[in-house]
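**Student:** Here's a structure for you.
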Amino acid sequence: MAASSLPPLPSQLKPVQHFLRTAQELEKREPVVAYYCRLYAMQAGMKIDSKNPECRKFLCKLMDQLEAMKKQLGDNEAVTQEIVGCAHVENYALKMFLYADNEDRAGRFHKNMIKSFYTASLLIDVLTVFGELTDENVQHRKYARWKAAYIHNCLKNGETPQSGPIGLEGEFYDENEDVSSPALPNQESQPSSSTFDVPTSNVPTSNYTGIQIPPGAHAPANTPAEVPHSTGVTSSTVQPTPQNIPIVDPSLYNVQPGGETRLTPEDFAKAQKYCKYAGSALQYEDVSTAVQNLQKALKLLTTGKE
């Protein structure tokens, strides 16, 4: 299953290289996420060029990798059930985003948080293997990709970035420039995953003055982190911090299912999705996200409205 077993990536398939690199980085730590990164790369690669002999050879090898991973993960419901897999990838993307957003709002700017922002945006791209993205995910993807570019350019130019959403336009990575990044905790360093770059074409130029991105409540458990250099501490362990638990809607305490409430099959599917999201969030000790999704499910089941 190692990415090294793949032949060289054809130039035509360069747009999928970041997803393959992310899969390689997460292969041991998050094999399910790595699987879906490769599945996305496979689907995208087929759309780009499946007729060129070089591309076809590469995609066939990638397909073999996917089949091998699927067999190894055969008893994992995140692979056998799409709704669970979607929740798993989405929650991991949220972990990466919240960690980077926390560091940003605390004024701790470093290469690992830049990479976390960008990786979060890639994983939201991966969610398209399950269907159309929600408006919230689209917004988070654009913001994360823009933030990665903005902070990188500030550090490269010796400037101090501004925390949080700000009204700046036209911030880009140089698509030919690689930015060195430390290996993530519990991950072996590999030459092909020691650098990353963000294609210019993927960075939005919108103004973000009024964008609604909620601040991260805490650095999610097991999220890759880098201790600020000034502390002299080298441990990469993320210490748990108190979580801000959302206030439960008082109207849900004594709610009774209304006799006139008629739920459609789509409503039941949405409620099931929210419950799956909550369960997946709890695997990552993300109580806030779990509570929010459970409230959405309860409201939908009792009122027929979201």
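The values are calculated or read from the model by the stated rules, or taken from the named source; none is laboratory data. Just so you know, these numbers come straight off a predicted model, no measurement behind them. Neighbour counts run over all protein chains shown; Cβ positions are idealised from the backbone, glycine included. Quick note on the areas: whole protein, heavy atoms, side chains included, nothing else; ligands and nucleic acids left out. Shrake-Rupley method; radii C 1.70, N 1.55, O 1.52, S 1.80 Å.
**Student:** For region 1-155, restrict the atom set to alpha-carbon positions and state the Rg and Dmax in Å.
**Tutor:** For region 1-155, the Cα radius of gyration and maximum Cα-Cα distance read 15.9, 50 Å.
**Student:** Order Thr264, Thr160, most accessible first, counting only protein heavy atoms with a 1.4 angstrom probe.
**Tutor:** Descending order: Thr160, Thr264.
**Student:** Taking a temperature of 25 °C and a viscosity of 0.890 mPa s, what whole-number D in µm²/s does Stokes-Einstein yield for region 1-52 with Rh from Kirkwood over alpha carbon pairs?
**Tutor:** D = 219 µm²/s.
**Student:** Quick one: check the C-alpha center-to-center distance for region 125-165 versus region 19-41, whole angstrom.
**Tutor:** Cα centroid of region 125-165 versus Cα centroid of region 19-41: 20 Å apart.
**Student:** Provide Ile114, Ile83 ordered by accessible surface of protein heavy atoms (probe 1.4 Å), highest first.
**Tutor:** Output order, biggest surface exposure first: Ile83, Ile114.
**Student:** Might you work out the accessible area of Ile124 for me, using a 1.4 Å probe with all protein chains in place, and round it to the nearest 10 Å²?
**Tutor:** Rounded to the nearest 10, that gives 10 Å².
**Student:** Keeping all protein chains in the complex and leaving out DNA, RNA and ligands, what accessible area do you get for Lys296 with a 1.4 Å probe, in Å² to the nearest 10?
**Tutor:** Its heavy atoms expose roughly 100 Å² to the probe.
**Student:** A follow-up question, please. Got a sec to turn the phi values of region 92-101 into Karplus ³J(HN,Hα) couplings, 6.51 cos²θ - 1.76 cosθ + 1.60 with θ = phi - 60°, whole Hz, x for Gly and Pro?
**Tutor:** 5, 4, 5, 4, 4, 5, 5, 4, 5, 5
**Student:** Okay, moving on. Using only the Cα atoms of region 89-173, build the gyration tensor, take square roots of its eigenvalues as a ≥ b ≥ c, and label the shape rounded, prolate or oblate: rounded if a/c is under 1.5, else prolate if a/b is larger than b/c, else oblate.
**Tutor:** prolate
**Student:** Something else: Whenever you get a sec, line up Cys86, Cys55, Cys275 from highest to lowest accessible area (probe 1.4 Å, protein heavy atoms).
**Tutor:** Cys275, Cys86, Cys55
**Student:** For region 26-109, what is the largest minus smallest coordinate of the Cα atoms on each principal axis, given in angstrom and ordered from greatest to least?
**Tutor:** 50, 31, 22
**Student:** If Lys and Arg each add +1 and Asp and Glu each add -1, what is the summed charge of the other residues whose beta carbon sits under 12 Å from the beta carbon of Val138?
**Tutor:** Net charge around Val138: -1.
**Student:** Report Arg105's accessible area, 1.4 Å probe, all protein chains in place, as a number in Å² to the nearest 10.
**Tutor:** 90
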